Each structure stands twice: as structure tokens, then as C-alpha cells.
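Everything on this sheet refers to the single structure shown next.
The values are calculated or read from the model by the stated rules, or taken from the named source; none is laboratory data. Bear in mind that the values here come from a model prediction, so they are computed numbers and not experimental data. Using ideal geometry, Cβ is built from the backbone for each residue, glycine included, and neighbour counts are taken over all protein chains shown.
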Amino acid sequence: MRVLIDGTSLLLRSAGVKNYVYYWIRALWKAAGREAVGVYPFLDSIGGLSHERSPLGLAGTWARIGWVLFSNIRGNPVLDFTIRGVDLFHASLHAANPPRSIPLTGTLHDFTCSLMPETHTAGNVAATLRYSELLKKRGRRVIAASAQTKSDAVRLMGFDPDRIDVIYHGVDDAYRNVTSDDVSRVRAVYGLTKPYILFVGTIEPRKNVGLLLDAYAQLRRSTRDEFDMVVVGPKGWSSEAVIARLNSGLQGVRHLGYVPEQDLPALTAGSAVFIYPSLYEGFGFPVAQAMAAGVPVITSNVSSLPEIAGDAAVLIDPRSITEMTAALERVLLAPSLAKDLGARGRTRAAHFTWDRCAKESLVFFERAAN
């Protein structure tokens, strides 16, 4: 059996989906080999992971993007001719005109475009809804990133639950193997001289960074004097007001912007507490990564986040500044609680490995092909 996975997101600026596709493909290659798993559009190598850049040079990137745009012309049968011999095509939202002669599968990440369309661009909403409809009509089987995503697919879009398999994403082992030297190096690189609270994510409405800044400002002065608030993540859609606040010189607030992937494990492991007050997630990579690094986690009590965190995090109403502030004070000022949360996080994160994800995915592909 040969599966072809749409890896177009690897060529683009992207966050969570690119993270998933990159590590998933690497794990599938390790488990099954490159002969069994190909990457569209004709990627023989995926290089290193950068959320800001393509793994290919400029010419190679634009050539493949041009091919994707050409193949997406409605009614164009080019994919059916060029990928003969493939048993399954694992589509993404970038495949607006997927092959007709090959069975389709796909991954559903979340349904925020249906539940919170105001937190996305109109183009992203349209593309995501089109992709969901495609998988509902033509998908042999579908992967859901969490039980919450599966439930949303059935409730909101009318998917057949018997055709959806929940396969959790993994966490790169780098988060489990951070040394004290790694932490010291990263702290020196970014000038982090004080203990710090950490948030990681694209600065966009759904990530709720504005309310997080409000909660930090309401911490007791003594707590703010002891702990900085470090925000990591690039500028996203509709983020101008929050970016302006982050860069306005707020006392104790550091905005590092985009941080290279290789620095994130040590930056995460070095934090006193990791907070992720997102309004909605289909999985929540940063939470799983922080748990794998043994860091105490505070996150939202909505969507998939309680499912992913289990009993290893303090859960808060992401729309409540009071709850957010109280949770920060509670964890920061109780070393025994922080230590317990960190230990429980490592145990919980053991469920999220790319090796397990790849093995379950290969079983999924066999079921879909047969």
C-alpha cells in the first residue's frame, strides 16, 4: 500500500498544522519507509522545521505552489494522471481539487471556523468549511485530533462517527530531554534574567493574549516583581492592538516574537509556569509540549484542552481575568503544587508520542484502503 500525504502546509507560514504534518511525516517514514508514504507536492525531503519558511529554496517552493494552484483548477484531472499507483490520498484544505480516482482520507484539526468564525479570516473559514464538506462526502475514513474534534464533526457537520478515528498528535522528544545547560543557554540568548511565566502561540484573537496581559497586570506587585511574563509567538491575523500592547514597554512583559523551533524546548522547560488561555483548540500542541517538559500548566477549561491536560493542569475559564490571575498566584507561590503538576504533566505527556501516532495512523490507512 502506498499513501500520498498532502504536505503543502510545509511550504507555507503556518503553526500547529505545519507542526503536525512535519513530525507526523517523519514518524511515518521511520515506521513504514518512504516507499510506503509519499509527500505531495513531490517532496522527497522536508528538511528542518521552521514555521516561518519553506524547507525548499525559493525556486523549488514557488514551483510547487504553482503546481498546487494549477492542479486546483476545477475539473483539472492532472492529479489523477500524475499520482497513479497511489492507494490513498490524504488531503488537506490546500487540495481544492483532489484526485477523483483515488480514495481520500484527511485529518480534522478543529472546528473553530464553525464555532468562532470571527477569530479567523474569511478565506480561512471558507477553505476549512470546504475541506470539511469534502471529507464528509468523499473521505473513506477521517482522523480527528481529539475526541472533542470528533464530537464537533458529528454535531456540527453531520459526519458519520464510525468513519472517524481519534489519533492524538505527538510531542517531539526534545521536550522530554532538556538539560540545565540547555536552559541556561536559551535564557542567556534571550536575556531572561528573572523567573518567568510563559505563553507560546501565534498572536491572534483565539489565543486570548490580551486577557492574559490583563491577568498579569492584576497579579500582586510582589509577584510581578519576581516573575516576568514572556510571550512567544509571531504576529497573526487581527493582532495589531495586542502587538502594540506587547511592545509598549509594559513592566515585566517580554515579547520575543517568533522563536526558532530548536530553542522552544529549553525556553519551555525553563519557565516557572506555562499558561495557555486559548478560547478553543482541537488539540493544543503547546500544552502537551509544556507537560512533556515537566512544567506546571494552566490552561482553559474548554474544547479539547481538559481532554489533553487530564489531571495534570490547573483549568480556568479563559474569559475570566479573576480566575486567570488567581491560578497564576496559586501555582507561582506554591512550589509543592508546581512540582506535583510538573510530575503529573510528564506522566500525561507520555501518551503523546509520534511513534504511537505513526503506528495508529498506519492501522488507520490499512482500514481506509480495505
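Conditions tested, residue by residue: (1) small (Gly, Ala, Ser); (2) under 30 Å from VAL154 (Cα atoms).
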{"residue": "LEU56", "(1), (2)": "no, no"}
{"residue": "ILE102", "(1), (2)": "no, yes"}
{"residue": "THR105", "(1), (2)": "no, yes"}
{"residue": "THR112", "(1), (2)": "no, yes"}
{"residue": "ALA122", "(1), (2)": "yes, yes"}
{"residue": "TYR131", "(1), (2)": "no, yes"}
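Tally up the residues in segment 173-193 that are farther than 23 Å from VAL253 by Cα, touching a residue at least 24 places away in the same chain (Cβ under 8 Å), in a helix (DSSP H, G or I) and not charged (D, E, K, R), please.
So the answer is 2.
Table: residues versus (1) surrounded by fewer than 21 Cβ atoms within 10 Å (Cβ to Cβ); (2) under 18 Å from the mean Cα position of the chain (by Cα).
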residue: ILE73; (1), (2): yes, no
residue: ASN76; (1), (2): yes, no
residue: THR105; (1), (2): no, no
residue: ASP110; (1), (2): no, yes
residue: MET116; (1), (2): yes, yes
residue: GLY123; (1), (2): yes, no
residue: LEU156; (1), (2): yes, no
residue: ASP160; (1), (2): yes, no
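Looking only at residues that are without any contact (Cβ under 8 Å) to a residue 40 or more places away in the chain and among the acidic types (Asp, Glu) in segment 154-172, which one is farthest from CYS113 (Cα to Cα)?
ASP162
Tally time: how many residues in segment 274-310 are charged (D, E, K, R) and surrounded by fewer than 24 Cβ atoms within 10 Å (Cβ to Cβ)?
Quick first cut of segment 274-310, residues charged (D, E, K, R) only: 281, 307.
The next check asks that each one be surrounded by fewer than 24 Cβ atoms within 10 Å (Cβ to Cβ); those that pass are 307.
Qualifying residue count, segment 274-310: 1.
For residues that are polar (S, T, N, Q) and not in a helix (DSSP H, G or I), scanning just segment 44-61, find the one that is farthest from THR202 (Cα to Cα).
Initial filter on segment 44-61 (polar (S, T, N, Q)): 45, 50, 54, 61.
Applying the additional criterion that residues be not in a helix (DSSP H, G or I) yields 45, 50, 54.
On the way: SER45: 26, SER50: 14, SER54: 18 Å.
For segment 44-61, the residue satisfying everything is SER45.
Any residue in segment 301-320 that's assigned by TED's automatic domain parsing to the domain that holds VAL273 and over 16 Å from TYR168 (Cβ atoms): show its pairings with residues that are among the small types (Gly, Ala, Ser) and assigned to a loop (DSSP other than H, G, I, E, B) at Cβ separation under 8 Å, as long as the two are six or more apart or on different chains.
Pairs found: PRO318/SER278.
Condition first: more than 19 Å from TYR280 (Cα to Cα) and out of contact with any Pro (no Cβ under 8 Å at 6 or more places or on another chain). Can you find one or more residues in segment 111-120 that meet it?
Filtering segment 111-120 for residues more than 19 Å from TYR280 (Cα to Cα) gives none.
For segment 111-120, residues more than 19 Å from TYR280 (Cα to Cα) and out of contact with any Pro (no Cβ under 8 Å at 6 or more places or on another chain): absent.
Filter segment 3-25 down to the residues that are among the small types (Gly, Ala, Ser) and either within 20 Å of PRO99 (Cα to Cα) or in a helix (DSSP H, G or I) (or both) and list them by number.
Restricting attention to segment 3-25, the residues satisfying the condition of being among the small types (Gly, Ala, Ser) are 7, 9, 14-16.
Selection gives GLY7, SER9, GLY16.
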